[in-house]
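Below: one structure, written as structure tokens.
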Amino acid sequence: MCLFVETHYSNCKHTCFELYIFCRELLHQLNRINDPDQQRDYDLPFDPGCPTCQPYTITMRPATLCPDVGYLSVISESNIVHQMMDLVENCPDCKAKGQ
């Protein structure tokens, strides 16, 4: 599973993701396409075939109340390891457009 850092830009309201660390499947694909024997094939596909190579968060909210803590329990899974908020700058896409 690839891991990502999420940055939310408050000026333009966009969210961007940066690759923090890539998974073994992606490393395998990078090693494969850099192999001289593989490079002889001009139509070399790059397809890690791994759905967790994109940022994702899954949140499940059970309808049962946890009596010991007094709120609904939340189970979540994510490959976003850090979240940041930029209060000053615009996202890279808006900067490139001159906004």
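Largest first, the residues Glu25, Glu6 sort by 1.4 Å accessible area into Glu25, Glu6. Between Gln54 and Asn11, the FRET efficiency from the beta-carbon distance, with R0 = 30 Å, is close to 0.75. Across His28, His14, the residue with the most accessible area heads the list, and the full order at a 1.4 Å probe is His28, His14. Per-residue surface analysis assigns Val88 an accessible area of about 110 Å², computed on protein heavy atoms at 1.4 Å probe radius. Taking 0.36 nm per residue of sequence separation and removing the Cα-Cα distance, the Cys94/Arg24 pair yields an extension gain of 21.9 nm. At the residue level, Ile21 shows approximately 90 square angstrom of accessible surface with a 1.4 angstrom probe and all protein chains present.
The values are calculated or read from the model by the stated rules, or taken from the named source; none is laboratory data. None of the values given here were measured: they were computed from a predicted structure. Cβ sites come from the backbone with ideal geometry, for glycine too, and all protein chains shown count toward neighbours. Note: areas computed on protein heavy atoms with side chains; ligands, DNA, RNA excluded. Shrake-Rupley method; radii C 1.70, N 1.55, O 1.52, S 1.80 Å.
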